[in-house]
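Read through the structure below, which is laid out as structure tokens, and then see the notes.
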Amino acid sequence: MKKILVFVTMIMVALSGTCFAQTKSQIKDAKKQAKLLQKEGWKSDSHRTLESLLLEFTMLEEENEIYVGRAEDYDNEKVAKNAARRDALRECVEVANSHFKGIGDELEGKLKTETIDNLTMAATSKFEGKVTAGFNVKFTIYKENKNGKISCQSFCFINKKRFAEAEKTAIQEAAEEAGLEAKAVGDYSKEVTNIINSHEF
């Protein structure tokens with residue numbers, strides 16, 4: 001029993017050492033990035049330091065997909081912030097779209113090209129609708145340009161499990177709808193379902 005306890009303790013110490021080294025590296029990177037952004041004239045919309053905000057955002061990556069949206073030359077901060085969030089959401093949707101295209105590649109030769117394209121587009125559209133509400137802004141930074149306009153960066157995140165579930169549900173729903181609408185090309189719904197279910201989200 002003592003040997004087991006000693007072994008478990010050794011593992012815990014090793015893991016804590018790894019976590020400490022990782023955090024130390026993250027702190028260093030956050031400090032460097034904050035210094036660079038401040039030099040360029042960026043300011044946060046929070047009372048907290050930019051360094052602490054960046055560090056916290058980086059540490060979100062373990063359980064979340066993270067994105068930084070950008071908006072240039074807007075008249076006020078509110079409009080710029082909304083535009084930056086939309087830009088970050090666009091990046092998120094593009095990631096899902098590339099996954100759907102990967103599934104489309106697996107279906108090549110089994111379905112018509114037009115059907116695959118429609119399936120991909122439908123899945124992407126459904127995905128965006130499913131993740132928009134859960135797409136969060138952690139913090140935002142602003143910079144006033146020489147022309148008096150406002151530029152903005154929004155640091156956004158969405159839970160990885162929610163992201164994956166939205167992808168899977170979106171492609172499944174799109175496939176079901178495509179199957180109902182494309183009887184002329186034959187019954188491929190079972191094969192599509194098998195490919196989707198075997199895909200790692």
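Read-outs: derived from the displayed coordinates by stated rules, not from any lab. Worth saying up front: this structure is predicted, and the values here are computed from it rather than measured. Glycine also receives a Cβ, built like all others from the backbone with ideal geometry; neighbour counts cover every protein chain displayed.
Among the listed pairs LYS78/LYS130; LYS43/LYS161; LYS32/LYS143, which are separated by more than 28 Å between their Cα atoms? The pairs that break the limit, which is 28 Å between Cα atoms, are LYS43/LYS161. Taking one quarter of the surface of the C-alpha convex hull of region 26-102 gives a mean projected area of 6.5 nm². The packing ranking, built from the mean of other Cβ atoms within 10 Å per residue, places the peptides 70-76, 149-155 in the order 149-155, 70-76, highest first.
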